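Below: the structure, in structure tokens.
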Amino acid sequence: MAVENRRVRVRFAPSPTGPLHIGGVRTALYNYLFARQNGGDLIFRIEDTDSNRFVEGAEEYILESFRWLGIKFDEGVSFGGNYGPYRQSERRDIYKKYVQILLDSGKAYMAFDTPEELDQKRAEIDNFQYDASTRMQMRNSLSMTAGEVQALIDAGHQYVVRFKVEPGEKVVVNDLIRGVVTIDSTILDDKVLYKSADELPTYHLANIVDDHLMEVSHVIRGEEWLPSAPLHVLLYRAFGWEDTMPQFAHLSLLLKPEGNGKLSKRDGDRLGFPVFPLEWHDPKSGAVSSGFRESDYLPEAVINFLALLGWNPGDDVELMTMEDLIAKFDLSKCSKAGARFDYKKMIWFNHEYILKKSDKEIAGIFMPVVKSHSVEVAPELLEKIVSLMKGRVNFVHELWDASSFYFIAPETYDEKTAKKRWKEDSAQKMGELADLLESLDDFSIENQDAAVHRWIEEKGYGMGEIMNAFRLALVGEGKGPQMFDISGLIGKEEALKRLRRAIEVLG
Ligand code: GLU
């Protein structure tokens, strides 16, 4: 089957070595967008053949991250499917069979060199590389007789299987983002594909065998895997799978917000933003790393921000839903150059999504914050408060500081504001205002507004002096929205109580 007509099948294949870095999340997102756009499948495969690097809880963490972000898989670990098992540690027998195929066809060989012997060679030869130029000086099934090899195996010696790279061959990597990259196989070393000690393949072999067996059509992954691509091309060739070799697309690096180099967790710690989707508790050290979820980012904002790190739709539209992204995403328009991680832009996205979401939804997220301050409030009232206040915050939890005066009467009055805004005659005027408000049967915002304005005019008072003192009495400081939005929402009784207390305290 020609590659162009294949069903689109892509995979996200993390190694469970810790929390998922934000770069990995972007890789998964691009795979997801590409799969959805093409009506294809997204596979979740766990690459856990390196048992030394296995970290307890990492797999569940990764799955939970995608649930939170709304990236959905069609098959794989925990999702099922017809190509399983999807956890590489459960596929030993499959890999053994394919290692044997390479051995039988002379495309790979067994090597018995101990770590000490390899070290010695490295000391002897400058820039030592295990390849066509050195392999006959080493202890392997090419340099030894079949009898010698068998004797070592019978005596229980461990070995590795190495790929036999033929020098002087042209290797072409056709990358959808980077174009055609051609290298000479002479620069490649005879990579280890399998270790008898744990009967497990290395990343390279398992990755290629699985991509082939799972009928993966496109390999979309981070730039750090680009150096492995020529070897992978040669492996497809060695197995005779060139016709169904996936198309490669290596994504650009995520760069520090400022300065040079790759984004790291330290940048996040230094500048105060997370680099992991969820909070991570390291099972060994107990160290806690912050996550986007716990730092109060909305998943939609994180997705939108990440989608634009290394890709843009070419128009000026920045706010896009997952549906928009699926429709617009274009793998061939992803940039080769690294993408700067502009965390301030990420905060902007969060603000925009707070505005974009309904007041009801934001109130639903805010409600537990309110309850954590032991405040009971009706959902409808909270919705109104949210609608008045959400334009002022970047994170939902910030709504508390911005609006706690709705729920809690001021106990003290900001000194500076009081000095400036509470005048000699303020108590008397606020007393008049309290009487006026008390007399209103209709306490609607409009009616208060009209009545108070009339009174101010009749008395010839200044609008500013009245409103400033009124605000100080109800809020305790100089902030907040329109005054009648405040008095209207807290209600007549509470507004009068606050006014009279301010008169008493401030005098
Ligand atoms: N296991 C590799 C990783 O952790 C997968 C690389 C690939 O996608 O080929 O990213």
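Only residues that are in a loop (DSSP other than H, G, I, E, B), loosely packed, with under 13 Cβ neighbours inside 10 Å and acidic (D, E): list them for the range 110-132, please.
D126
Tell me whether the range 37-57 contains one or more residues that are at pLDDT below 95 and hydrophobic (A, V, I, L, M, F, W, C).
yes
Right, I71: within 11 Å of the ligand (Cβ to nearest atom) and at negative phi or not?
Spelling it out, it is not the case that I71 is within 11 Å of the ligand (Cβ to nearest atom) and at negative phi.
Checking the conditions here, which among G156, G106, G147 is closer than 30 Å to A13 by Cβ and either touching a Leu at 6+ places or on another chain (Cβ under 7 Å) or modelled with pLDDT of 95 or more (or both)?
G106
Check the range 253-260 and report whether any residue there is within 16 Å of the ligand (Cβ to nearest atom) and either closer than 26 Å to A35 by Cβ or hydroxyl-bearing (S, T, Y) (or both).
Taking every residue of the range 253-260 in turn, at least one turns out to be within 16 Å of the ligand (Cβ to nearest atom) and either closer than 26 Å to A35 by Cβ or hydroxyl-bearing (S, T, Y) (or both).
State yes or no: is E47 surrounded by fewer than 20 Cβ atoms within 10 Å (Cβ to Cβ), within 14 Å of the ligand (Cβ to nearest atom) and over 19 Å from the mean Cα position of the chain (by Cα)?
When the stated conditions are applied, E47 passes them.
Output the residues belonging to the range 206-220 that are within 20 Å of the chain's Cα centre (by Cα) and crowded, with 24+ Cβ neighbours inside 10 Å.
Hit for the range 206-220 is I220, nothing else.
In the range 133-159, how many residues are under 20 Å from S185 (Cα atoms), hydrophobic (A, V, I, L, M, F, W, C) and not in a loop (DSSP other than H, G, I, E, B)?
Final tally of qualifying residues: 1.
Filtering the range 175-185 down to residues that are touching a residue at least 12 places away in the same chain (Cβ under 8 Å) and over 20 Å from T27 (Cβ atoms), which residue is surrounded by the most Cβ atoms within 10 Å (Cβ to Cβ)?
Looking at the filtered set, the residue picked out is S185.
Within the range 76-108, can you find the residues that are exposed (fewer than 15 other Cβ atoms within 10 Å of the Cβ) and within 28 Å of E64 (Cβ to Cβ)?
S78, G80, N82, P85, E90
When you scan the range 111-163, how many residues do you find that are touching a Ser or Thr at 6+ places or on another chain (Cβ under 6 Å) and of a type outside the set (A, V, I, L, M, F, W, C)?
Residues meeting the conditions: 2.
Would a scan of the range 162-174 turn up a residue that is at positive phi, part of a strand (DSSP E or B), exposed (fewer than 15 other Cβ atoms within 10 Å of the Cβ) and away from the ligand (no atom under 15 Å from the Cβ)?
Among the residues of the range 162-174, not one is at positive phi, part of a strand (DSSP E or B), exposed (fewer than 15 other Cβ atoms within 10 Å of the Cβ) and away from the ligand (no atom under 15 Å from the Cβ), which makes the answer no.
For the range 206-233, give me each residue that is more than 10 Å from the ligand (Cβ to nearest atom), within 16 Å of R45 (Cβ to Cβ) and touching a residue at least 60 places away in the same chain (Cβ under 8 Å).
V209, L213, M214, E215, S217, H218
Based on what the data block shows, is E60 more than 16 Å from the ligand (Cβ to nearest atom) and touching a Pro at 6+ places or on another chain (Cβ under 6 Å)?
no
Check every one of the helices (runs of 4 or more DSSP H) wholly within the range 415-481 and list those with 2 or more residues that are of a type in the set (K, R).
Ranges flagged: 415-421, 445-459.
Just to be sure, is R11 basic (K, R), in contact with a strand residue (DSSP E or B) (Cβ under 8 Å, 6 or more places away or on another chain) and either in contact (Cβ under 8 Å) with a residue 24 or more places away in the chain or more than 10 Å from the ligand (Cβ to nearest atom) (or both)?
Here the answer is yes, as R11 does meet what is asked.
Can you tell me which residues in the range 301-317 are over 11 Å from the mean Cα position of the chain (by Cα) and farther than 17 Å from K344 by Cβ?
G310, W311, N312, P313, G314, D315, D316, V317
Please find, among E383, E398, the residue that is over 28 Å from the mean Cα position of the chain (by Cα), among the acidic types (D, E) and at pLDDT 95 or above.
E383
The values are calculated or read from the model by the stated rules, or taken from the named source; none is laboratory data. Worth saying up front: this structure is predicted, and the values here are computed from it rather than measured. Please note: Cβ atoms are built from the backbone with ideal geometry, for glycine as well, and neighbour counts cover all protein chains shown.
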